[in-house]
Amino acid sequence: MKIISDPQEIQALCRGLRFSGVTTALVPTMGFLHDGHKSLLLAAKNRAEKVILSIFVNPTQFGPGEDLEAYPRDFNRDVKIAEEVGVDIVFAPKPEAMYGPDHATWVEAPELAKELCGASRPTHFRGVCTVVLKLFNLCMPTFALFGEKDWQQLAIIKAMTRDLNLPVQVEGCPIVREPDGLALSSRNSYLTQSERQQAPHIFKGLKLVQKLARNGEHDPRQLKKAVEEYWQEHLPLGEIDYLEFVNPVKIERVDAVQGETLVAVAMRLGKARLIDNLLIRS
Ligand code: AMP
């Protein structure tokens, strides 16, 4: 397994692979790897001859006062996991190698960033789009895999890839959960014991929406009220950042939870801000 930190070096290597016809699959991450990341790496192995894992805590997708400095990091452990899974190339650049002092070019997909995390973290997706485009240009992958855990991110990257004719096939992978339903996240490491005990109710609240919608309740306000009450009882340590019902492609709020609807939540739980979602068909 090659470990590369220099952007020019990875670009030279990946240019060679691309032009000699070797298929590659890129899995961009911020590291502190868990089984959600592993599932993407395994899917990448099934997709392409070579797997590239990028590990980069991208400063431009963090807003002021967010957890950039505190974000969990364990590079040596990540390297071990990458090796076990059979990654071919790890790309782990330093922030200053990715962003020169004069960096001034940004990519945005504002239509899809109006709701959910785009609303509560106004510059987040600009940072995500910019770094993902840079990673695509450096790694020149045939495929790039992203988790449905960050549903809005996946929708935005698919749109960016389409709109800018990027020569990469973007694919989504299902959310990996703990046995009790909590979606795996590097940020789960922030949770105290009591927060961790309540955290599975985030997903249980989304399942409650699914059940109520299937039983004929289609009004977003009523559904929201029911989940808020559920969380007040079972998740008193949590503070809702947003709970929204959106069209899964356009990421626009729906008037009725009917047909395919994405229920998406961001919840503050102690130091963590956790996101989760569920695609419901009713
Ligand atoms: P992150 O390191 O949190 O930026 O995540 C890197 C990639 O892993 C993104 O495409 C995420 O959507 C994906 N991911 C994170 N958590 C999960 C999970 N629990 N299940 C599936 N994919 C995930």
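The values are calculated or read from the model by the stated rules, or taken from the named source; none is laboratory data. Values in this document were obtained by computation on a predicted structure and should not be read as measured data. All Cβ positions, glycine included, derive from the backbone under ideal geometry; neighbour counts span all protein chains shown. We work out accessible area using only protein heavy atoms, side chains counted, and drop any ligands, DNA or RNA first. Shrake-Rupley method; radii C 1.70, N 1.55, O 1.52, S 1.80 Å.
Once region 162-203 is narrowed to residues that are basic (Lys, Arg) and either exposed (fewer than 15 other Cβ atoms within 10 Å of the Cβ) or outside any strand (DSSP E or B) (or both), the residue that is nearest to the ligand (Cβ to nearest atom) is ARG187. Considering every residue within region 94-114, establish whether at least one is without any contact (Cβ under 8 Å) to a residue 24 or more places away in the chain, open to solvent by 40 Å² or more (accessible area, probe 1.4 Å) and hydrophobic (A, V, I, L, M, F, W, C). Scanning region 94-114, I find at least one residue that is without any contact (Cβ under 8 Å) to a residue 24 or more places away in the chain, open to solvent by 40 Å² or more (accessible area, probe 1.4 Å) and hydrophobic (A, V, I, L, M, F, W, C), so the answer is yes. A residue that is within 16 Å of the ligand (Cβ to nearest atom) and in contact with an Asp or Glu (Cβ under 8 Å, 6 or more places away or on another chain) cannot be found anywhere in region 131-142. Within region 264-273, the residues that satisfy the criterion of being open to solvent by less than 10 Å² (accessible area, probe 1.4 Å) and closer than 20 Å to PRO122 by Cα are ALA264, VAL265, ALA266, MET267, ALA272.
On the stretch given as region 57-85, residues that are among the aliphatic types (A, V, I, L, M), farther than 21 Å from LYS134 by Cα and part of a loop (DSSP other than H, G, I, E, B) total 1. Of all residues in region 13-56, which are open to solvent by 60 Å² or more (accessible area, probe 1.4 Å), assigned to a helix (DSSP H, G or I) and out of contact with any helix residue (DSSP H, G or I) (no Cβ under 7 Å at 6 or more places or on another chain)? Result: ARG15, ARG18, PHE19, ASP35, LYS45, ASN46, ARG47. Evaluating LEU206 against the criteria (1) within 16 Å of the ligand (Cβ to nearest atom); (2) open to solvent by 50 Å² or more (accessible area, probe 1.4 Å); (3) more than 30 Å from LEU26 (Cα to Cα) leaves one unmet condition, (2). Got at least one residue in region 70-83 being away from the ligand (no atom under 16 Å from the Cβ), farther than 23 Å from THR142 by Cα and either without any contact (Cβ under 8 Å) to a residue 24 or more places away in the chain or in the same structural domain as LEU269 (by TED's automatic domain parsing) (or both)? Yes, the conditions are met somewhere in region 70-83.
Restricting attention to region 9-61 and to residues that are near the ligand (Cβ under 9 Å from one of its atoms) and at positive phi, the residue that is farthest from the chain's Cα centre (by Cα) turns out to be PHE32. I need the full set of residues from region 251-262 which are within 16 Å of ILE156 (Cβ to Cβ) and surrounded by 14 or more Cβ atoms within 10 Å (Cβ to Cβ), in order please. Within region 251-262, ILE251, LEU262 qualify.
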